[in-house]
Amino acid sequence: MSTPPVLRRLDDVVPRLISPKDTVRLACLAGPADGSPTSVFYEVWEPGGAQPDNSHPGSTEIFVVLGGHGLAHSDEHSVPIGPGDVLVLPPGSVHRIENTSATERLYTVTVMAEDGGALPGGFAALVAAGTPTGWDGTDQSVLRRG
């Protein structure tokens, strides 16, 4: 007997804040709970928002920018990012992305190869334990066309 495909629609996924005061929301689209060693997320930065420095020793992290502009920092390197760009961060790099706009959100599809490597329970589990938030009309518009 074959396994049916997993289909998630925007209305099925809940964005979450890893920490209550974060300025970046993540919504898991696929991950270990679906039988995948790789996790995929929508990630949304508020204007001026950024994650703290972070690192994933056993994982490559890939960002496909759907909308907005930012600056990606990885170790001693910094590069601007915008719509259509693909950013690949190597395992073990100390990195963060900041939204450089004061008025617009930054949107990505984020792929975490090997779901966070050494994180207990994986990156998807860390996100799932976060504070639920929601999508507004702007989010829905950008993510539905992405």
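Please treat every number below as a calculation from the coordinates, not as lab data. Just so it is clear, the structure is predicted and the values come from calculations on it, not from any experiment. Cβ: placed from backbone, ideal geometry, glycine included. Neighbour counts: every protein chain shown.
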Select from Ser93, Trp45, Thr110 the residue farthest towards the positive end of the dipole of region 19-128; place +1 on Cβ of Lys and Arg, -1 on Cβ of Asp and Glu, and compute about the Cα centre. Trp45
If I model a spin label at Asn54 and Asp136 as a point 7 Å from the Cα along the Cα→Cβ vector, what separation in nanometres do I get? 2.3
Looking at the calculated P(r) for region 64-145, what percent of the C-alpha pair distances fall above 16 Å? 62
Could you check the spin-label model distance between Leu17 and Ser2? Points 7 Å from the Cα along Cα→Cβ, value in nm. 4.3
What does the charge add up to near Thr133, with Lys and Arg as +1, Asp and Glu as -1, over the other residues with Cβ less than 12 Å from its Cβ? -2
